[in-house]
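The values are calculated or read from the model by the stated rules, or taken from the named source; none is laboratory data. Note that the structure is a prediction, hence the values are computed from the model and not measured. Cβ sites come from the backbone with ideal geometry, for glycine too, and all protein chains shown count toward neighbours. Calculation scope for accessible area: heavy atoms of the full protein, side chains included, ligands and nucleic acids excluded. Shrake-Rupley method; radii C 1.70, N 1.55, O 1.52, S 1.80 Å.
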Amino acid sequence: MSAQTLIDTARTLVAGDKGLLAMDESNPTCNKRFARLGIPQTEEARRAWRELIVTTPGLGQSISGAILYDETIRQQKKDGTLFVKVLTDAGIIPGIKVDTGAKAMAGHPGEKITEGLDGLRGRLAEYAQMGARFAKWRAVIVIGEGLPSRGCIEANAQTLARYAALCQEAGLVPVVEPEVLMDGGHTLEQCGEVTEEVLRTVFNQLYTQRVMLEGMILKPNMVLPGLTCPKQETVDEVADATVRCLLRVVPAAVPGIAFLSGGQSSELASARLNAMNVRFKSQLPWALAFSFARAIQQPALQIWQGEEAHVLAAQQALYHRARCNRAARRGEYNATMEKT
Ligand code: 13P
């Protein structure tokens, strides 16, 4: 696989005003979201939900790439068409989550290390052969009493870099996702400090492991106050803190940054991304895009409720969120869009 192909794919993923749709929830995570809404936690229900998503009319206007899960990349529409083909026909590049989950880290109470490197070369070859052109790996960093530890940050950063190197060897663009969680009472300043340290360590490791920065996408958290922090900064303050942090640590060679939503409301995620693009777009070396799961899917899932009769309304809600985030990339999102 040529370096140019990786570069072209990475650039296409963040080109124009489009972004990524994460629909790669593992079965336990997907089941948890279904359970809250009383949707059956079966393979067929997960398949039906994913069929609803990939067949949403016009999705490709706003979505450049969709991240699938191992179960989903093998699934088909009711009529037998593979989801990978449905996406590709809609102009959406298929991607695949390849980590096998964040597990308790030995010697580090309260912290996690993401697993999945063993056998990864073989799995990447299989996914590439199935049509995936990019991949995702998520590391989780917790802010708490004395956390995160250096040990957790370093182990996760090195693992992310080794995953990224293997992806590029296989011709897949790595989406590198070190997520500093928003759970907790920490301040925006603390989130900024931790995010900066994490990203610095990640880029150090990406360099050490010889990852080509031009052929990757960074998927970070926004710099936010913890969910239970009494002081909740304004949208513009969050945008300023996030961009300031990224400018310090993300090399200009990286083509794009696609944020995770992390449990923010759909509207806030759009508004914050919009503010970053309004205030800074013309001065930044990389594109500021989105790679949301909950902030795109959740309103649609709540409408669907597992009912065939609700499919069209749910697709409209999904399309609407994708369109709002597309507008946010241009800096043209505003609250009145939510009323249309
Ligand atoms: P959220 O946007 O729901 O945080 O999910 C993004 C993601 O892909 C997590 O790995």
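Within segment 255-266, does at least one residue satisfy the condition of being more than 9 Å from the ligand (Cβ to nearest atom) and assigned to a helix (DSSP H, G or I)?
Yes, segment 255-266 has at least one match.
Would you tally the residues in segment 277-303 being more than 14 Å from the ligand (Cβ to nearest atom), under 18 Å from MET337 (Cα atoms) and surrounded by 22 or more Cβ atoms within 10 Å (Cβ to Cβ)? Residues that pass the stated criteria total 1. When segment 25-44 is limited to residues that are in contact (Cβ under 8 Å) with a residue 60 or more places away in the chain and open to solvent by less than 10 Å² (accessible area, probe 1.4 Å), the one that is farthest from the ligand (Cβ to nearest atom) turns out to be ILE39.
The one condition from (1) open to solvent by less than 70 Å² (accessible area, probe 1.4 Å); (2) within 22 Å of the chain's Cα centre (by Cα); (3) touching a residue at least 40 places away in the same chain (Cβ under 8 Å) that GLY306 does not meet is (2). The lone criterion from (1) open to solvent by less than 40 Å² (accessible area, probe 1.4 Å); (2) away from the ligand (no atom under 14 Å from the Cβ); (3) out of contact with any Cys (no Cβ under 8 Å at 6 or more places or on another chain); (4) of a type outside the set (A, V, I, L, M, F, W, C) left unmet by GLY19 is number (2). Of all the listed residues (GLY122, GLY58, GLY131), the sole one being open to solvent by 20 Å² or more (accessible area, probe 1.4 Å), away from the ligand (no atom under 16 Å from the Cβ) and more than 26 Å from GLY19 (Cα to Cα) is GLY122.
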